[in-house]
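Asks: To start, I am sharing the structure in question, which I have written as structure tokens.
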Amino acid sequence: MMDTKPPSDAAGQFKALDRTLPFQGPEAVDTDVLECFPYEYADTPHGAAMEVVIATDEFTSVCPFSGLPDFANVTVRYVPDHQCIELRSLKYYLLSYRNVGIWYEHLVNKVLEDLVRCARPRSMTVTITCRPRGGLASTVTASYNCDAMGPLESRDDVHS
């Protein structure tokens, strides 16, 4: 018996569903897990010049438009003052973004502000290198320098 159905039209078979997966807002980020330990070399010439670089390729958050997952590399570079970021706590902090919808440009600034509040470094730079979405790759960077910008708490332009 011959099939009388017309051939399927792939373009007409699937529709954009104007769909958004559920996600949380930035208020769900767990800053309470961040911990530091005392940096014993802060007052030595070589200790004051030391830079810490922390990197992970396991970061994920979600697109605040669609709720679909975004994947990124996160690099934190900082010159500690009297405290260093405890890595286990940083991992838990970064994992708390897993279901958070946030634009990359807001993400990099929030991470920077949260980590500066926690560690109170001499300087810090956070770089988020996002995996391509729709053929476009994004890298966003935000920096803080205590000498040039003053303590974070005294700034009027800082978000909470």
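Asks: Would you mind counting up the charge near Cys118? Only other residues with Cβ under 11 Å from its Cβ, with Lys and Arg at +1 and Asp and Glu at -1.
Replies: Summing Lys and Arg as +1 and Asp and Glu as -1 gives -3.
Asks: Can I ask one more? Please give the peptides 127-140, 36-49, 79-92 ranked by average Cβ packing (other Cβ atoms within 10 Å per residue), highest first, as a rough proxy for protection.
Replies: Ranked by mean Cβ neighbours within 10 Å, highest first: 79-92, 127-140, 36-49.
Asks: For the modelled label position 7 Å from the Cα of Asp114 along Cα-to-Cβ, which residues of region 62-76 have backbone nitrogen atoms closer than 13 Å?
Replies: Inside the label zone: 62.
Asks: Quick one: if the Förster radius is 30 Å, what FRET efficiency do His46 and Thr141 give, using the C-beta to C-beta distance and rounding to 0.05?
Replies: Efficiency for this residue pair is about 0.65.
Asks: When Lys and Arg each count +1 and Asp and Glu each count -1, what net charge do the other residues less than 15 Å away from Met50, Cβ to Cβ, add up to?
Replies: After counting each charged neighbour, the total is -2.
Asks: Can you give the FRET efficiency to the nearest 0.05 for Ala55 and Arg19, using r as the Cβ-Cβ distance and R₀ = 30 Å?
Replies: Working from the Cβ atoms, E equals 0.35.
Quick note: the coordinates plus some simple rules give every number you see, no bench work behind them. Only a predicted model underlies this, so the values are computations on that prediction, with no experimental measurement involved. Note: ideal-geometry Cβ built from the backbone for every residue, glycine included; neighbour counts use all protein chains shown.
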